[in-house]
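Here, each number is a calculation from the coordinates, and none is a lab measurement. Only a predicted model underlies this, so the values are computations on that prediction, with no experimental measurement involved. In this analysis, Cβ positions are derived from the backbone assuming ideal geometry, glycine residues included, and neighbour counts consider all displayed protein chains.
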Amino acid sequence: MKRLVKMNETYVFVVLALLCLLVQARSGQFFRVYNLIDLLVALIVPAMFALNTHVVIASGGIDVSFPCIASFCMYVVTRILQMIEYQGSVVLAFVMAAVIGAIMGALNGWLIASFRLPPLIVTLGTQSLFTGVLMGVLEAIEISGSKLPSCITSFGLQRLYETVNPENNIITYIPTSLLILVGAVIVTYVILKHTMFGRSIFAVGNDENAALRAGIPVKRIKIAVYCYAGLVAGVAGIVRMCITKFCHPTNLTGIEMEVIAAVVLGGTSIAGGKGSITGAMLGIALITVMSNSLLLLGIPVQWQTFCTGILIIFGTGLSAYQAMRAGKKLMRRTKIQPAEKPAAEGGQTA
Amino acid sequence: MKLKRIKSFVLDDKNFLGLLGMMLVLLIVISIIRPAKFYTSNNLVSMLSQFPQYGIMSLGVMIAMIAGGIDLSVVGLANLATISAALILQAMIPESASSLQAAGAIILAIAAALLIGLVGGMMNGLLVSMLNVPAILATLGTFQAYTGICLVLTGGNIISRLPSQFGDAMGVKVLGVIPLPIVIFAVCVLAMWILLSKSAFGKKVYMIGTNRRAATYSGLNVKGVITAAYMVSGVLAAIGGLVMMGRMNSAKADYGSSYTMQCILIVVLGGVDPAGGSGKLKGVVTAILILQVISSGLNMFSQINNFYKQLVWGVVLLSVMVIKYLAATGRPSRQIR
Amino acid sequence: MLDYILRATDIEKHFVGVKALNKVHIEIRKGEIHCLAGENGSGKSTLIKVISGVHKSDGGVLEICGKQVSQLSPKEAMRSGIQVIYQDFSIFPGLTVKENIVFYYQTATGAKWINWKMIRGKAMETMALIGLHLDPDELVENLSVADKQMIAIARALVNDAKLIIMDEPTTALTHREVQNLFRVIKGLQERGIAILFVSHKIDEVFSISERFTILRNGENVVTGDTSELNRENFTSYMTGRQFERDSYVRDVTDNAVAMEVRNLSLKNGFEDISFQVRKGEILCIVGLLGSGRTELALSLFGIRPADKGSITVNEKTHAIRSVNAAMAAGIGYLPEDRLTEGLFLLRSIADNIIVSELDALTKGPGILDEKQCTAEVERWGKELAIATPNYGNAVQTLSGGNQQRVVLAKWLARDMEVLILNGPTVGVDIGSKHDIYHILEKLAAQDKAIIVISDDLPEVMMLCNHVMVMKDGRFIGDFDIGNITAEKIAVMVAGGEKYETMED
């Protein structure tokens, strides 16, 4: 129980719960089924991003290029499927996106690991590069409706559960793509907790030198981490397309800040080596619930960016403050001996 | 004696030499490919009026990086400062305003913009120095916040049809030839030179960026200096924004979105170490000019749109870093950084 | 027939332009505790790296358990039973105790999947072997330095180590923890595991090892049984020089009091500390790690301001709640960890010297007066004999002794009244040590008040004229140097347990 109180995840959960209650109090509509489903659907893609960001940050790095990778895969896969007039199952789309994403991620990993470059600046560079290729070379445009490959739209329409809002007869449903998130979470969890590869990721994030001495192939692990991040991002891109029935090449831009902040909020240390998937999921849930509930809270939509910014500042500030206090606690402490009775006259311990 | 100093100024700094070499190569390449279009006075003047806006902003990113951090919020802060200035201009200069009234409003608007830059920078500085928030996270967060305020102030719309007086003022040509923005840029560079290379404050910034802990143990006011560094960055962001507004005669919440990336490219290219504690102004200024040459060079090809440019920036940034790594000898450097 | 775990003969190793090892040999018998000693730059780190496969030797023969080995890799070395514990222990603070202990085993066996049950079991088993009682699920970052070291030892054991190399293992341990370490090492010996103990602390060499090897300048100086060693020949083997030293005799009773501290207390640091330092005096505060000595220094310097009590410098009482306040009061501090806390390694020697007085070296609105700066740097560089061809070189190009001089220069440039030095000669070779003593004595002669915090008793006896003994947060002894012996101090400091020193 004591451990539960000390854990960062508990605090995030409490804040999340309080937020939900607050929104319910202000609007009376938070806990309605259709609202909860909307939130869940809004959460799917960010949660996948939170997953890959968690893994990258835990390894001691950072990646701001993942929204670009997702957009890139989304667009390229769609175009390829269009060109070959594909009529088959959606699985191919996912596989292609995963492969392309993995390759793009591998570029990140290779640059960072082989040349010991700072991950933030490398991924800023690849972000520019990928966007430039996508928008400049490929001249990506928005694709929607009937132009989308049929497998995407049909998969997007598949649902696990559906409900109707009696007030306006709008149907809201939980799409099958949720299962992809669930699958990704399970796979990532197993890798991180039960494979040597996963543990090595944390080891590298803790102390690269110690990891080298332990015999861990640090370079390979780093490349694999960014590869994995790209893979998940690619798949997330397809999922997004399925959910929104839209292929928009720049819609995802800018989400990286929220995701990184969410993951850090959830307890993944920005320096690496610590953190949990649970925390990351709670963090992204908190941020998503907040951005999506602004309307219910009575805050005009224009304020959304600002509110997200404040949440990021507040969340990371709090994390940092907590880390400072924890650091102070670890400072050396002397066990002070009790005061001695005044020594006898002329006495001197000898 | 003077020759010796010039020689040492150029030759002692390997990074600077590399940059000069790069500039030379670029100019040669352009001379071969499209000399006619490039070496026209029109083009040169056009170049001169483009780079000041992001050039000044990159000076801000430079000092933040030397202090051991990074400033990803420059563009957001610039937009916030300019949108505020724009609103003031619109409010205070009706159609029939006299020149005196206009001048007063312009001064007020500029003052407001600078103040916002100062305060915004202070926010960054406090987060980084007092709460120990990693600079990446702090400035990404403030970037969102500042952009968010811009969106609220403008409703997402562009503020155009600014009173012409401001645009006219910015369009002034000093000594009849030099566009005002260049003069502003030159003044900023001079001010930064004095601040970084000649003042005690600048030396402190370098020391703190090298080793924060030792700086505390040596009696340096770490929190104060870091906050001040970000405040300088904020003011520079505001100045860059004003120059931008003068040129575009409008203000919008998402202007300059590619500048963040460009500024980082400029400072890294210019020899500033992302880990902090080093970087020379001559390198950064040369990098600004190199970027402008590349940008204008690309502009000469009509097939190349803005997105292609992004591609180029990305490739250049990555290549520069890889080359720097390969060029390093690996031995601890005897030269001071 | 002697059973050797390791025999290294005529080992050579070159780096660019430097011959790090020149025909070095070392032999370690099964179950032996062998000490490798040498100053900084003697080649002992390089030798260890060659033995453990990190560096490939350029010549010579390496035999492990009787079998000749060429081209040893770190993984092979580990498989042959050679484990190195570096000074930072190479542990992962964000992982649990059990995971840290079994980590090398996992990588060595090429395991792909984690069996948490097995890991827990192995960890508990190994901890029991060395008498370590820790919560296996605790994060290592929450543990003390001594516990972390024990985890590193346990980790070596899991890997079936035959030879454990420990690099300066006692640097950050309290006396009690050192005794515990020695107990564990003796326990390892009983299991037939050999220990190569790298140290330059003569008392440790004497108390724990059976045989020793001393290196100097990349060559063997001597190897033999520890029983043949004594204090004098140890020093001369290590440095090649003889040092004659008299205790510094100073009479300061008539001098003014430079600093007076009354009833200073800090929660979790120290309690009720009172003392005086006179001008021209060198006061030594002796106390082991954990006695509160560093906390006291940090309080006097404003980094961890005290809760209660007063500090008076030159008859003026100051509330020292920040570094600036301490410096304004005239107090300067040379920290324990010179490299991370005292120096800006990548910046020039010049910058490091003037960093604390930048505001004073300005003319006009905050602009540095370069002539003045250069003059200052040259003055203090000469005064402290900092050996460098160019003050513009980075400080990291200097040796440990010279680096310490730069830190001293920084404070002298500020003209501090009171200098507090925490472990001033840690990591400094013997030659430079004596030079630093010389400098401190010169400063004392110039009427500065000097406080040295040290647990190096010979140094204390040589250097100061007054000793305060600190233990568990309090001062338990206060003596003029003439009234006390090193032995007595040692006993007090250790709290009555016998601190094993060699009787000269």
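Could you tally the net charge around A:SER27, taking each other residue with its Cβ under 15 Å from the Cβ of A:SER27, Lys/Arg +1 and Asp/Glu -1? So the environment of A:SER27 carries a net charge of 0. Peptide B:126-137 shows a mean partner chain C-beta count of 6 within 10 Å per residue C-beta.
For the range A:62-132, what value does the Rg/Rh ratio take when both radii are computed over Cα atoms and Rh is the Kirkwood radius, given to two decimals? Each step should come with its number before you reach the end.
On the way: Rg = 13.9 Å, Rh = 12.9 Å.
We get a ratio of 1.07 for the range A:62-132.
I want the antiparallel fraction of DSSP beta bridges within the range C:4-239, as a percent rounded to 5. If we restrict to bridges inside the range C:4-239, about 60 percent are antiparallel.
Could I get the Rg over Rh figure for chain C? Both from C-alpha atoms, Rh via Kirkwood, rounded to two places.
0.99
The value obtained for the protein assembly as shown, namely the Cα convex hull volume divided by the number of residues, is 217 Å³ per residue.
What FRET efficiency comes out for B:ASN42 versus C:LYS23 if R0 is 56 angstrom and r is the Cβ-Cβ distance? Round to the nearest 0.05. About 0.15, to the nearest 0.05. Peptide A:192-202 has a mean of 4 when you count, residue by residue, the C-beta atoms of other protein chains within 10 Å of its C-beta. Divide the volume of the convex hull around the Cα atoms of the range B:43-327 by the residue count and you get 138 Å³ per residue.
Taking all Cα pairs closer than 8 Å and separated by 6 or more residues, the relative contact order of chain C comes to 15 percent. Each distinct pair of alpha carbons in the range C:10-85 adds a 1/r term; the inverse of their mean, the Kirkwood radius, is 13.0 Å. Based on Cα atoms of the range C:361-494, Rg over Rh with Rh as the Kirkwood radius reads 1.06.
Peptides B:74-83, C:458-467 ranked from most to least packed give B:74-83, C:458-467, packing being the mean of other C-beta atoms within 10 angstrom over each peptide's residues. Extending 7 Å from Cα along the Cβ direction at A:ILE171 and again at B:MET122 yields two label points whose distance is 5.7 nm.
Counting only Cβ charges, +1 for Lys and Arg and -1 for Asp and Glu, the dipole size of the range A:32-255 around its Cα centre is about 540 debye.
By the Cβ-Cβ criterion of under 4.7 Å, the unpaired cysteines of chain C are C:CYS35, C:CYS65, C:CYS373.
If R0 is taken as 41 Å, the Cβ-Cβ distance between B:ILE178 and A:PHE314 corresponds to a FRET efficiency of 0.35.
When peptides B:108-114, C:309-315 are sorted by average Cβ neighbour count within 10 Å, with the highest value leading, the order is B:108-114, C:309-315. Annotated for the range B:178-301: lysine pairs at least 8 residues apart or interchain, Cα distance under 18 Å, count 7. Here the peptides B:137-143, A:139-145, C:317-323 are ranked by packing, the mean other Cβ count within 10 Å, and the order with the highest first is B:137-143, C:317-323, A:139-145. FRET efficiency for B:LEU100 and B:MET130, Cβ-Cβ distance as r, R0 = 60 Å, nearest 0.05? For R0 = 60 Å, the calculated efficiency reads 0.85. With contributions of -39500 (n - 2.57) from each DSSP H run of at least four residues, the per-residue ellipticity at 222 nm computed over chain C stands at -10000 deg cm²/dmol. Rounded to the nearest whole Hz, the Karplus-based 3J(HN,Hα) values (6.51 cos²θ - 1.76 cosθ + 1.60, θ = phi - 60°) of the range C:287-294 follow the sequence x, 7, 4, x, 8, x, 5, 5, with x at glycine and proline.
With the simple spin-label model, which puts each label point 7 Å out from Cα in the Cβ direction, the A:SER89 to C:VAL69 separation comes to 5.2 nm. Taking every residue in B:311-321 and counting other chain Cβ atoms within 10 Å of its Cβ, the average works out to 6.
In a shell of Cβ-Cβ distance under 13 Å around A:THR126, excluding A:THR126 itself, what net charge do Lys and Arg (+1) and Asp and Glu (-1) give? Result for the local shell: -2. Relative contact order of the range C:304-345, taken over Cα pairs closer than 8 Å and 6 or more residues apart, is 23 percent.
The HN-Hα couplings worked out from phi for the range A:188-199 by the Karplus form 6.51 cos²θ - 1.76 cosθ + 1.60 (θ = phi - 60°) are 4, 4, 4, 4, 5, 9, 10, 10, 5, 4, x, 5 Hz, whole numbers, x standing for Gly and Pro.
List the relative contact order of the range B:243-297 as a percent without decimals, with contacts defined as Cα pairs under 8 Å and 6+ residues apart. Value for the range B:243-297: 23 percent. Summing Lys and Arg as +1 and Asp and Glu as -1 over all other residues whose Cβ lies under 15 Å from the Cβ of B:TYR230 gives a net charge of +2.
Each of C:ASP472, C:ASP254 has some number of other Cβ atoms within 10 Å of its Cβ, and from fewest to most they run C:ASP254, C:ASP472. With 23 Å as the limit, the listed pairs A:LYS219/A:LYS274; C:LYS49/C:LYS433; B:LYS14/C:LYS363; C:LYS44/C:LYS433; A:LYS328/C:LYS201 have C:LYS49/C:LYS433; B:LYS14/C:LYS363; A:LYS328/C:LYS201 beyond it between alpha carbons.
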